[in-house]
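S.K.: Before we start, here is the structure in question, set down as structure tokens.
The values are calculated or read from the model by the stated rules, or taken from the named source; none is laboratory data. Predicted model only: the values in this text are computed from it and were never measured. Positions of Cβ are generated from backbone atoms using ideal geometry, with glycine treated the same way; all protein chains shown enter the neighbour counts.
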Amino acid sequence: MTTRRLQLMEYGLLALIVGLYLALAYGYATRTPTWQIPDEPAHYNYVRQIAENGELPVLQMGDWDSVYLDQLKGSGFDPAVTQNIGRVQYEDHQPPLYYLVESVVYRLSDGDIETLRIFSALMGAGAVICAWAIVRRLLPSHAWIGLSAAALVAFIPQRLAIMGGVSNDSLAETLAGLVLLMVTIYLTPTQSAEGGDSRTAPIKMPVIMGLLVGLAFLTKTTVYYVGVVAGLAVLWRCWHEKWPLKKSISQILAFGLPAVILGGIWWVHGVQTYGGTDILGLQRHDKVVVGQLRTEDYIENELDGSQQDYWENLGETTFHSFWGQLGWMALPMPPRIYQGLLLVSLVMVGGVGVYSWQVRWPKSIHPVWGLFILGTLLVFAQFLVYNRTFVQFQGRYLYPALIPLALGNAVGLCGWAELGVRLIKWRWLPYLVFLIPLGLVGLAWYVLNDIVVLLP
């Protein structure tokens, strides 16, 4: 088969993956009962306040009501209880970009939540494409590995549920993916991409990265790590290419100014609104969420002070909810599914080692790998730090690092496939590695038809 035909087949399969993602996300958006997605009432009310009041909301005491939230969840969001759901506004401190975009959809649809959900799912498709493009750039000799990464990002049932809801995660993940893609391109220059010697670097590259990082700053704090990754990418290339000081400063400023200016718009707003050093409204948030379960109380009162039980519960619940624990964490999948997913995950981790043993990593991609690993560690650290204050064992909080995780998964699959080629001499085996993550389509379909329908 010619290279051209292989490329067309690859593009066709990518289009199939994106199409299946959109179809499944549409199913989750339209079949999940209203409000049965974590924090959806608060996200929706943020959009509503912008659309109806013409200004950004401010997080205030009373926006979080533990008793009322328990009533809502306990009643299955019974219409008789949701009459006052408009006062659930504890997300009002969030950066505004997603909500500003959705406020336009709100006005056009007269506040129809299903329309808002579908548009949110559309925004989430960008992360799927970015996953493919990043792997394609890093490992061009293993072209179809990118399809494996894209399929993993696309078909995790829990992610489909979140993307099919009103939540700023969709735009945040896509912007994070775009930043990681630009970092990959910036650190793996080619003659065709940059028009000459690899030591050159058009100023537009750091400018684009800076703009994207700035937009991420305006979208969600959980993706702020991309600012560190992109900033270090610029510094690395300045040092590695031994650019003159003037050129290095121009690259740093080209990246830093757009990022700081865009982010600064929101940070100044935070200081003016919440005072002091509370640039993100997080200090106000900690004061507002009175009654939210705190880690020290959870360990002391529910676990009899056992740190071991705490870490076991955190690990198990986080793993389960990463793959699928529907509603407000109330509806898990059958245990055998988690057991199978754990086995596959461990096999994929082993596959990374197998790949590294068989294939020499090109030195040109070492910085990208290093920055992706750093970014993943920052996301995990942020998750753990947050959980030392509040009990939030939600695997979706790790999705900002989903593309690097998908890349590792794809490499693990390729490692076993390459070993299979050596053993059975079937050269087509590596091209089929994407079929394993594509199998998540079946799991996503099962969850949509057999578990989502159980939500009240």
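S.K.: What's the number of the condition Ile337 fails, among (1) of a type in the set (A, V, I, L, M, F, W, C); (2) more than 21 Å from Gly442 (Cα to Cα); (3) at pLDDT 95 or above?
M.R.: Failing condition for Ile337: (2).
S.K.: Listed residues Leu215, Leu280, Leu262, Leu211; which is in a loop (DSSP other than H, G, I, E, B) and under 23 Å from the mean Cα position of the chain (by Cα)? Even if it seems obvious, please write down each step before you answer.
M.R.: Numbers: Leu215 fails: in a loop (DSSP other than H, G, I, E, B); Leu262 fails: in a loop (DSSP other than H, G, I, E, B); Leu211 fails: in a loop (DSSP other than H, G, I, E, B).
Within the list Leu215, Leu280, Leu262, Leu211, the selection yields Leu280.
S.K.: Still on this structure: Is it true that some residue in region 63-85 is farther than 16 Å from Ser170 by Cα, in contact with a Leu (Cβ under 6 Å, 6 or more places away or on another chain) and surrounded by 21 or more Cβ atoms within 10 Å (Cβ to Cβ)?
M.R.: no
S.K.: Six or more apart or on different chains, Cβ atoms under 6 Å: show the pairs whose first residue is in region 344-364 and over 22 Å from Pro140 (Cβ atoms) and whose second is modelled with pLDDT of 85 or more.
M.R.: Partner pairs satisfying both residue conditions: none exist.
S.K.: Looking at Pro202, Pro206 in this structure, which one is without any contact (Cβ under 8 Å) to a residue 60 or more places away in the chain, crowded, with 21+ Cβ neighbours inside 10 Å and not polar (S, T, N, Q)?
M.R.: Details: Pro202 fails: crowded, with 21+ Cβ neighbours inside 10 Å.
Going through Pro202, Pro206 in turn, just one is without any contact (Cβ under 8 Å) to a residue 60 or more places away in the chain, crowded, with 21+ Cβ neighbours inside 10 Å and not polar (S, T, N, Q): Pro206.
For (1) surrounded by fewer than 21 Cβ atoms within 10 Å (Cβ to Cβ); (2) of a type outside the set (Phe, Trp, Tyr); (3) within 25 Å of the chain's Cα centre (by Cα), each residue gets a yes or a no:
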position	(1), (2), (3)
Leu16	yes, yes, yes
Tyr26	yes, no, yes
Thr30	yes, yes, yes
Val47	no, yes, yes
Val58	yes, yes, no
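S.K.: Being of a type in the set (A, V, I, L, M), at pLDDT 95 or above and either outside any helix (DSSP H, G or I) or out of contact with any helix residue (DSSP H, G or I) (no Cβ under 6 Å at 6 or more places or on another chain) (or both) narrows it down to one of Leu122, Leu69, Leu116, so name that one.
M.R.: Leu122
S.K.: Answer yes or no: is there a residue in region 97-109 that is in a loop (DSSP other than H, G, I, E, B) and either within 25 Å of the chain's Cα centre (by Cα) or modelled with pLDDT under 95 (or both). If you could, list the steps in order and put the result at the bottom.
M.R.: Going through region 97-109, the residues in a loop (DSSP other than H, G, I, E, B) turn out to be none.
Within region 97-109, none of the residues are in a loop (DSSP other than H, G, I, E, B) and either within 25 Å of the chain's Cα centre (by Cα) or modelled with pLDDT under 95 (or both).
S.K.: Would you pick out the residues in region 140-167 that are farther than 26 Å from Tyr338 by Cα and in contact (Cβ under 8 Å) with a residue 40 or more places away in the chain? Outline the logic, then answer.
M.R.: First pass over region 140-167, keeping only residues farther than 26 Å from Tyr338 by Cα: 140-144, 166.
Hits for region 140-167 are His142, Ala143, Trp144, Val166.
S.K.: Here's something else I'd like to know. Is it true that some residue in region 297-317 is assigned to a strand (DSSP E or B) and either on the phi > 0 side of the Ramachandran plot or not small (Gly, Ala, Ser) (or both)?
M.R.: no
S.K.: Of the residues Val391, Val347, Val352, only one is farther than 24 Å from Thr3 by Cα, among the β-branched types (Val, Ile, Thr) and at pLDDT 90 or above; which?
M.R.: Of the residues listed, the single one that is farther than 24 Å from Thr3 by Cα, among the β-branched types (Val, Ile, Thr) and at pLDDT 90 or above is Val391.
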